[in-house]
Amino acid sequence: MKTTTVWIYLILANLFWAGNYIFGDHLLSEMAPLWITFSRWLLAVIILIPLAFFVEKPQWHKVRKELLPLLIMGITGIIGYNYFLLIALQYTTATNAALVSAVNPGIIIIFSFFALHEKLTKIQVAGLIVSLLGVMVIITKGKFELLFEANNNRGDLMMLLVIVVWGIYSIIGKKVTTPPITATAVSSLFAIMILVPFLFLEGAHFAQISQLSIIGIIYMAVFPCVLSFIFWNIAVKVLGASKTGISLNLIPAFTAIIAVVLGEKITVEQIIGGLLVFIGIYLTSGLVYRQSYNTNKTMNS
């Protein structure tokens, strides 16, 4: 597959995920995070399983050998990422959540260093520190003493957990050999099976669900759940976890644009923190491009 095509997939994936932040913020006024996560992924599985059968025609005896990593992908990327994101959005804005998530590429590179033994330079480490400083500016609104006051930044701190589980999902996704649609379908099926017992404990409250919320669930199932995850898993296999992770910088940009269009104000602290995050991620992951380019140049010379 052409690299250009893969990057188009990644741009679309991150655009869809940006919409995920906006719709998720709205849905929380009418549905519990657990039910939102279950509903969207149940619909997604209904779409994914036929796609896997007819498009990829997977060899199921090979898929069975990777059930454990696919189960972990379901727990981390399907349940953990989506559920914790919705919890975070109960305490912070969509823009703030997206800006904090911009540190994700750096975390993926760190995970890649330990799990996949990819190279990590001092400049990349420095970049990660700068990006984390930017996250702290966003979380504390520029007042670092607030970092230890959980009530003031609970949602932003929860986003750090979202970043960690997505990093784990991405690393495992790089190592599995199951085709991307099938991998997403199987991990999603595991996820909804795990969620069912918790739904009985949660209880159901659907009296106030609006038409916009129904549209939101359908959007979140078709675009962020199905298309974004498929595009992401394709990119991870073609480009690797580190290079693919760089594209996550697009989420806060897309989210901020959508939020401004919908009337949300962007604060000075969000701008400063966002700039620090982007500078840090440029130092951390921008080198991935240069190292890859130099390697290819050396091999071709």
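Can you give me the relative contact order of the chain as a percent, contacts being Cα pairs under 8 Å and 6 or more apart? Reported relative contact order: 40 percent.
Under 16 Å from the Cα of Lys174, which aspartates and glutamates turn up, not counting those fewer than eight places away in the same chain? Lys174 reaches Glu66, Glu118. Between the range 153-194 and the range 1-37, the C-alpha centres lie 14 angstrom from each other. Compute the FRET efficiency between Leu199 and Leu161 as 1/(1 + (r/R0)^6), taking r as their Cβ-Cβ distance and R0 = 22 Å, and round to the nearest 0.05. For Leu199 and Leu161, the calculated efficiency is 0.55. Charge tally around Pro33: other residues with Cβ under 12 Å, Lys/Arg +1 each, Asp/Glu -1 each, net -2.
Pairs from the table (Lys119/Lys175; Lys143/Lys243; Lys2/Lys122; Lys122/Lys175) lying more than 22 angstrom apart at Cα are Lys143/Lys243; Lys2/Lys122; Lys122/Lys175. Computed from label points 7 Å out along Cα-Cβ, the spacing between Leu133 and Val260 is 2.5 nm. Extension gain for the segment Ile272 to Leu12, taken as residue separation times 0.36 nm less the Cα-Cα distance, is 91.0 nm to one decimal.
Taken along its principal axes, the alpha carbon cloud of the chain reaches lengths of 61, 53, 32 Å, longest axis first. Taking packing as the residue-averaged number of other Cβ atoms within 10 angstrom, the listed peptides 124-134, 258-268, 184-194, 158-168 run from highest to lowest as 184-194, 158-168, 124-134, 258-268. Altogether, the Stokes-Einstein calculation at 20 °C and 1.002 mPa s, with the Kirkwood radius of the range 1-98 over Cα pairs as Rh, returns a diffusion coefficient of 138 µm²/s.
The share of C-alpha pairs in the range 7-51 whose separation exceeds 12 Å stands at 69 percent. Helices that extend 20 Å or more along their long axis by alpha-carbon positions and average at least 1.0 on the Kyte-Doolittle scale are, among the DSSP H runs of the chain, 33-51, 122-140, 180-202. If you take all other residues with their beta carbon under 15 Å from the beta carbon of Leu89, and give Lys and Arg +1 and Asp and Glu -1, the sum is -2. Available extension along the chain between Phe114 and Trp60 is 16.4 nm, counting 0.36 nm per residue and deducting the alpha carbon span.
Quick one: net charge around Ala235, please, counting Lys, Arg +1 and Asp, Glu -1 for every other residue with C-beta under 14 Å from its C-beta.
Result for the neighbourhood of Ala235: +4.
Across the alpha-carbon set of the range 182-235, the Rg to Rh ratio works out to 1.06, Rh being the Kirkwood radius. Once both labels are positioned 7 Å from their Cα atoms along Cα-to-Cβ, the gap between Lys122 and Gln90 label points is 4.5 nm. Scanning residues 5 or more positions from Gly142 or on other chains, none has an amide H under 5 Å from its amide H, with H placed 1.01 Å from N in the peptide plane.
No lab work stands behind these numbers, since they all come straight from the coordinates. Treat the numbers as computed from the prediction; the structure is a model and nothing was measured. Neighbour counts are summed over all protein chains in view; Cβ atoms, including those assigned to glycine, are modelled from backbone coordinates with ideal geometry.
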